[in-house]
Amino acid sequence: MSNFYYPKKEMFKDPQFSSMDEYRAVVEDFNEDYEGTWAQLANAKIDWFKPFTKILNEDEAPFYKWFEDGELNVAYQCIDRHLKDKKNKAAIIFEGDNGDQEVITYRELAYKVSQTANMFKDNFNIKKGDRVVIYMPMIPQAAIVMLACAKIGAIHSVVFGGFSAEALRDRIIDASAKLVVTADGAFRKGKPYMLKPVVDEALKVGCESVQKVCVIERNNEDIHWEPNRDYSYNELIKSQSSFCKSEHMNAEDPLFLLYTSGSTGKPKGVQHSSAGYILWAQLTMEWVFDIKDNDTFWCTADVGWITGHTYIVYGPLAAGATTVMFEGVPTFPDAGRCWKMVEEYRINQFYTAPTAIRLLHKMGANEPKKYDLSSLRILGTVGEPIDPPAWKWYYEVVGNSNCSIVDTYWQTETGGHMISPLPAATPIKPACATFALPGIEAKVIETDGTLTPTGEKGFMCITKPWPSMIRTIWNDPERFKKSYFGDCKVNGKPVYFTGDGAMVDEDGYITITGRTDDVINVSGHRMGTAEVEAAIKKHDNVAAVAVVGKPHDIKGEGIFAYVVLKSDDGIADELEIIKEINTMIKTEIGAIALCDDVAFVPDLPKTRSGKIMRRILRSIAKNEPITQDISTLEDPTIVAKIEAIINS
Ligand code: WT7
């Protein structure tokens, strides 16, 4: 039993789950009456404009519908309903890169969101169902704009600010967005950086659907203003009324799209619903983060990712909590920045990615000790498997061995946490996501639905529909079915496959072992190898390319590209080509996809039917012995040739 860490009971007051028995009791409720238990929670947690009478509709599975005849508004759920008893409570605490602070109360947030919503209607003619692309830095307006969309029923699609013009353009076109909301730029590490020029570049080709661009002036650097297209948010907001009616939305109306990587070159527009999504965002705040009225919650993610959507904006606000938003980076001005902020704001829950933990550990192992971190109760991690040394440092040094660590496993598609410890109940094992949350039927199975034996790797599946699940892939329902419901079946019925492998141990604990597809995880960012390959292939001198992940100390996985050139003119050129390839990647995707290693090889290991054997390339990149049968390759000698190049 020595590898269990037990929650410190004295750290918690009235937690939702204070023991595993309480956890099992709720699991039992779901077992006895799955739909009824969900319905009870949905009735208790959501302020419905019109109550639902239907719970789950499976007629068009896997296009499931939850609470389909209910009506609500997610912005109302997150803001307006709190005005009764929390109007002067801090909703958002913002800290700028330079340390500037701004507190926005629920009342102020209500006004700003309404003004913005009115602006969208009056100035930009945005209507229910229109798509709005948000390309923004980490400033409160990002949340305000998202909520303004929700208020009037527009569907937002936030594109991470690190994506390139090409990547932004693809997402604008796929969603046929009517409006793009951006900022001139913002600040990072003490310097201004720009976003608006990227939007200008993106809109040059093929974005006919875009009528207007709304620009928030944040860093006040010079930008180009396109006449009759670009408008200043800061100007327009001045004349807008601070009251706007919350549109009555159907439970199943899409709340947002969020593009994520799959195994092909084209990103998928993951579509989320209104009621199911917000219900789970709020519930997991209460269950996993034990959010209490006086808490200050800080999730360090970017709003451009699902973690930012669910645990900076929607979850905390639906729960009526105080959420911290930070413009800067954890290492500026030094590796103590986060700990200084924890001390200053008396943060109670701190939620970040393993990559940040590893970096902060490496840069300042003793840094946390310089600050008073005693307000912390829960430390969260998300996005990739956390390694035991990083876990231990987080637990012992940051948490002073008092805090519960919640290793939360989930995905863009799941909307919120799927597998996670309950902080006051679950005995935790380092680097283990532990158990499925109540209501979530997470199983490690074989493709035919049989349970994978204890201690062996199987497929991580969710075998029952749940309210916050992805509804479809925007514009591509067939791909939705194929991507998620094509691989695994239980009793002949397709079930949701996450794309991850997992293992259940002798205590029933679930550990995630990583992706089973061609998706890699770089610093907690999900990246399709096919996307990176497509970018590299655009280089004139590249004949073929295969990209794989390779373990990386800080990033978790790094990007390793095997490149076959059309003509090989010696090493000087190769260095030049690496530079050009990385420029290509920056243009096509963004700096997050830059290669850590590029190896020039004479050919790729291919089967006789032409399929590239990425598994062999992964083993070579990791310096692992090759266990696969290579005799079936078109040219078996290529493996030794590639190994010789990598080892030279
Ligand atoms: C993929 C989803 C969910 C928000 C951030 C990433 C990996 C996520 C964990 C964890 C091990 C994890 C999985 C998953 N992942 N959380 N706690 N332990 N792996 O969202 O970009 O949709 O990526 O991240 O591989 O499939 P995403």
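If you take the residues in region 239-263 that are within 16 Å of the ligand (Cβ to nearest atom) and of a type in the set (A, V, I, L, M, F, W, C), which one is farthest from K482 (Cα to Cα)?
So, considering only residues that are within 16 Å of the ligand (Cβ to nearest atom) and of a type in the set (A, V, I, L, M, F, W, C), the one farthest from K482 (Cα to Cα) is F256.
Counting only residues that are over 21 Å from I291 (Cα atoms) and touching a Ser or Thr at 6+ places or on another chain (Cβ under 7 Å), which one in region 429-442 is nearest to the ligand (Cβ to nearest atom)? Can you show your working first?
Of region 429-442, the ones over 21 Å from I291 (Cα atoms) are 429-432, 441-442.
Then keep just the ones that are touching a Ser or Thr at 6+ places or on another chain (Cβ under 7 Å); that gives 432, 441.
Working: C432: 9, E441: 17 Å.
Only one residue tops the list, namely C432.
Out of all the residues in region 510-540, which are of a type outside the set (V, I, T) and farther than 18 Å from V382 by Cβ? Even if it seems obvious, please write down each step before you answer.
Quick first cut of region 510-540, residues of a type outside the set (V, I, T) only: 514-515, 517-518, 521, 523-528, 530-531, 533-535, 537-540.
Within region 510-540, D517, D518, G528, A530, E531, E533, A534, A535, K537, K538, H539, D540 meet the criteria.
Scanning region 330-345 for residues that are free of Cβ contacts under 8 Å to residues at least 60 places away in the same chain and part of a helix (DSSP H, G or I), which turns out nearest to V103 (Cα to Cα)?
So the residue we want is E344.
Any idea how many residues of region 346-375 are touching a Gly at 6+ places or on another chain (Cβ under 6 Å), outside any loop (DSSP other than H, G, I, E, B) and within 16 Å of the ligand (Cβ to nearest atom)?
Residues that pass the stated criteria total 2.
Given the criterion charged (D, E, K, R), in contact (Cβ under 8 Å) with a residue 60 or more places away in the chain, closer than 20 Å to S619 by Cα and away from the ligand (no atom under 15 Å from the Cβ), identify the matching residue among D553, D518, D476. Walk me through it before giving the result.
Values: D518 fails: away from the ligand (no atom under 15 Å from the Cβ); D476 fails: closer than 20 Å to S619 by Cα.
It is D553.
Pick from T511, T583, T607: which is more than 21 Å from T260 (Cα to Cα) and in contact (Cβ under 8 Å) with a residue 60 or more places away in the chain? Give the steps one after another, and end with the answer.
Values: T583 fails: in contact (Cβ under 8 Å) with a residue 60 or more places away in the chain; T607 fails: in contact (Cβ under 8 Å) with a residue 60 or more places away in the chain.
Result of the check over T511, T583, T607: T511.
So, in region 253-281, how many residues would count as being in a loop (DSSP other than H, G, I, E, B), over 21 Å from R169 (Cα atoms) and not charged (D, E, K, R)? Don't jump to the end; show me each part of the working.
We begin by selecting, within region 253-281, every residue in a loop (DSSP other than H, G, I, E, B); these are 253, 261-267, 274.
With the extra rule that they be over 21 Å from R169 (Cα atoms), the set shrinks to 253, 274.
Still in the running and not charged (D, E, K, R): 274.
So the count comes out to 1.
Condition first: away from the ligand (no atom under 11 Å from the Cβ), touching a residue at least 60 places away in the same chain (Cβ under 8 Å) and in a loop (DSSP other than H, G, I, E, B). Now tell me which residues in region 376-428 satisfy that.
Listed by number, the residues that qualify are R377, N402, C403, L422, P423, A424, A425, T426, P427.
Mind checking which pairs have a first residue in region 243-266 that is farther than 27 Å from K50 by Cβ and a second that is assigned to a loop (DSSP other than H, G, I, E, B), Cβ under 6 Å, 6 or more apart or different chains?
Pairs found: Y259/P267; S261/P267; S263/D517; S263/D518.
Among (1) of a type in the set (A, V, I, L, M); (2) more than 16 Å from the ligand (Cβ to nearest atom); (3) in contact with a Cys (Cβ under 7 Å, 6 or more places away or on another chain), there is one condition V324 misses while meeting the rest; what is its number?
Just one mismatch for V324, condition (3).
I'm trying to understand the selection: among the residues of region 36-55, which are more than 28 Å from K481 (Cα to Cα), aliphatic (A, V, I, L, M) and in a loop (DSSP other than H, G, I, E, B)?
I46
Of all residues in region 56-93, count the ones that are in a helix (DSSP H, G or I) and not small (G, A, S).
Within region 56-93, the first condition is being in a helix (DSSP H, G or I), and the residues that meet it are 74-78, 80-86.
Still in the list and also not small (G, A, S): 74, 76-78, 80-86.
Residues in region 56-93 being in a helix (DSSP H, G or I) and not small (G, A, S): 11 in total.
Bear in mind these aren't lab numbers, they're just calculated from the coordinates by the rules spelled out. From a predicted model like this one, the values you see are computed outputs, not experimental measurements. We place every Cβ from the backbone using ideal geometry, glycine too, and count neighbours over all the protein chains shown.
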